[in-house]
Every structure is written in structure tokens, then in C-alpha cells.
Amino acid sequence: MAKRDYYEVLGVAKGAGADEIKKAYRKKAKELHPDRNADNPDAEAQFKEANEAYDVLKDADKKAAYDRFGHAAFDGGMGGGPRANAGGQGDFASAFSDVFEDLFGDFMGGQRGRPGAGRNRASRGSDLRYNLKISLEEAHSGLTKQITVPASVACDSCDGTGSEAGAEPTTCPTCSGMGKVRAQQGFFTVERTCPTCSGMGQIVKNPCRTCGGAGRTEKERALSVNIPAGVETGTRIRLSGEGEAGLRGGPQGDLYIFVEVADHPLFQRDGMDLFCRVPVSMVSAALGGEIEVPTIDGGRSRVKVPEGSQSGRQMRLRSKGMPALRGPGVGDMYIELQIETPVNLTSEQRDLLKQLDESLAKSNNPNASGFFDKVKTFWDSIKD
């Protein structure tokens, strides 16, 4: 069967640039990968075909020869093209490895394939998380909190090097200082962290007796944390360099403080605003009056209850809420009235309430009258 044109295989026009060819190959490699096409028996052959085309077109010299002579450029000894390796597997591994590096090289730290990349590489310590619970009052005013964090710190005995005093690490014999080892598995070249040096590229022949060669020890540290006013549950505070110590002198990680604001028995929070439900007697709600309510800063405010107030009515106290976490501004506080029905009545009180109820007209209970008028209309419409 005649070979297809390499440009046609990759879906690019003749004369396409290197970037366009590489982009086209990436797309084909993803679409035709055998692992993603288990139900397509032709996928593997098409995958190899795309690899073979890319292996020629990515190389400027091979591409020039192909543009001039076509497939004949690599037949009959005219060049070291795809036939140089049986089945094209060696070239496939090389080509796909290039694309894999393009896709994931930056994510992996860009260390692939450079001898000595692992040598003296700083191994950064892990980040730590600390959950801090504070009260709503503390969130309102802000505070400085003392916390104790269990963490790994640089070993004092070896100054974080992991070696006994005066001893120098040596190049790892397994990976020759690269920090990674490779193994051929079918079409792929698999690269993994060196098991001997754990990716460091060096081994310690005379490990520190205190830390066992790790360069760090476990220790509790006391830290002072500034919690700004206005924080709420979920606020994250980063303390740079206060995390776990790095391996063998590497930089420290960071410490993240996750704030949780505890529920308050009087106030409910919604962003910068506060809500406080205040019970009011039936008589005070009917006749009106004044009530005294608490504020989050520990103060007191007097609020006028309008005559004839109903449950759920809200009054606003400006600038009595929570401060903004970033920038100026203070929220408001809302007082929500809850009209309380009297209980445990005496006989005399019951008689007084009955007399009051008998004396009331519809205009004294407009909500109830309006509701039952609507109910009557609804029932009448059903009967009809």
C-alpha cells in the first residue's frame, strides 16, 4: 500500500512552519493515542503513521529532502529517515517524548534531560495548614493570636545539609546526578524519580546522626499571627517561609492560616451586616415604645418600636455591623422584632384579653381580616 503524503497525514499544507507542524502533531497524537481508541483497531497504525510523518517534518534537513524527493528520499539509502529503526519505534519514542516535554515540561519543573539537574537542587519544604477558630467579637476588632505549630525545622547539628560536619554529598551512582532514571516500555520512554537519591542527584555517605540525613528535625514553634478586623470564615492568611523546612538546606514552605468565625448567641452575620432578633411583648408592639439592644462592640443602643409593629419588622442601625476586610467601610446592624405572645395567664388576665378581643374591630387586625376575606373568596370559587 502506497504511503500517504506526510503533510496530508498531519493535516497541514506544504510549506507549513515548524510551530504549525508541531501543533498539528500534538492534536493527532491525542486523537489517535491507542489508549483512547480501544475500540478502533486502526488507531495504532494511524498513530505510528502520524509519528513517522512528524519525525521527518520536524527536522529541517529531513523536511527539505522530503520536499524535494518525497518518500524516495528515505528509500534505497538516500537518508536516515524513518526506516533507520525497525517499525519506527525508536523514532516514535523520540518524537512523542518531544511533544510530551512540550506539554508537561514546564509543569515538571523543566528539569528533564539535563545532566546534573537534580544536583544541588533546592527541595522546598511542604506548605502547612493551621485551622484557627475565633469569636465574632475578635473578627470585629481584629487581634494578634499566639499559636503553636508542629513542623519540621532545619537541623541544627548539620545546618540542614544532612551530612556530618565536614562531609560532602556525593553524586548518585544510579542516576549520575540527574535525579531521574529512564526505562523503555514499548513505544514509550518512562522517566521517574531516582529511587536511590529520591530525585536529589546526590547521596549522603555520612548522614547526620541527629536528623538521619534528612537535614531537618521535628519541633514545635510558637508564632504570632495578626488577624485583621473583618475576617470571616474561609479567610486564608499566608505566612511566607513559616512552613516545613526543605530537605538538605532547601527553602521553607509557607504556613496558611484558615480562619473560622464561631457562631454567636445574639448576632447572625451576612457579609458586613449583622442581624439581631429581639423579642418584644405584645403590648409594647401594640402601643409602641423603646427597647435597648446590644451592639457587637459591647455597647448599647436604644431603638424606638413604632406603634402597631408586627413580627419580622426590621430597624437599621447604621455603621454598627462588621468592618470591611480590605478598604474602608462598615456594615449595618438590623434589629428584627419578634412579637411574643404571653403565656401562663391567670384567670383575670384571660378575662381581660377576652374583653379586649371582643372590643376589637376589623380595622384593628387588618392583616387577619384581609387574609380571611381572601380565604372566603377562594372557597366560594371552588363551590361554583
Original post:
Being more than 30 Å from Ala29 (Cβ to Cβ) and part of a loop (DSSP other than H, G, I, E, B), is that true of even one residue in the range 177-188?
Top reply: yes
**OP:** Could you list, in sequence order, all residues of the range 1-56 that are surrounded by fewer than 17 Cβ atoms within 10 Å (Cβ to Cβ) and touching an Asp or Glu at 6+ places or on another chain (Cβ under 6 Å)?
**Re:** Pro34
Subject >> Residues being assigned to a strand (DSSP E or B), under 30 Å from Gly199 (Cβ atoms) and touching a residue at least 60 places away in the same chain (Cβ under 8 Å) - total across the range 224-256 >> reply: 3
Subject >> Residue that is nearest to Pro328 (Cα to Cα) [pool: residues in the range 254-283 that are of a type in the set (Asp, Glu) and open to solvent by 40 Å² or more (accessible area, probe 1.4 Å)] >> reply: Asp273
**OP:** Give the number of residues within the range 303-351 that are touching a Leu at 6+ places or on another chain (Cβ under 9 Å), more than 11 Å from Val278 (Cβ to Cβ) and open to solvent by 90 Å² or more (accessible area, probe 1.4 Å).
**Re:** 2
Original post:
What tally of residues in the range 57-69 results from selecting those that are open to solvent by less than 50 Å² (accessible area, probe 1.4 Å) and either aromatic (Phe, Trp, Tyr) or touching a residue at least 24 places away in the same chain (Cβ under 8 Å) (or both)?
Top reply: 2
**OP:** Evaluate the range 209-227: report whether one residue or more is buried (at least 18 other Cβ atoms within 10 Å of the Cβ), modelled with pLDDT under 90 and touching a Pro at 6+ places or on another chain (Cβ under 7 Å).
**Re:** yes
**OP:** Please note which helices (runs of 4 or more DSSP H) are completely contained in the range 266-384 and include at least 1 residues that are touching a residue at least 40 places away in the same chain (Cβ under 8 Å) and farther than 30 Å from Ala229 by Cβ.
**Re:** 282-287, 366-383
**OP:** Taking only the range 264-283 into account, find how many residues are closer than 14 Å to Leu317 by Cα and of a type in the set (Val, Ile, Thr).
**Re:** 1
**OP:** Considering every residue within the range 69-92, establish whether at least one is out of contact with any Lys or Arg (no Cβ under 7 Å at 6 or more places or on another chain), modelled with pLDDT of 80 or more and in a helix (DSSP H, G or I).
**Re:** yes
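The values are calculated or read from the model by the stated rules, or taken from the named source; none is laboratory data. None of these values were measured; they are calculated from a predicted model. Cβ atoms come from the backbone with ideal geometry, glycine included; neighbour counts cover every protein chain shown. These area figures cover heavy atoms from the full protein model, side chains too; ligands, DNA and RNA do not enter into them. Shrake-Rupley method; radii C 1.70, N 1.55, O 1.52, S 1.80 Å.
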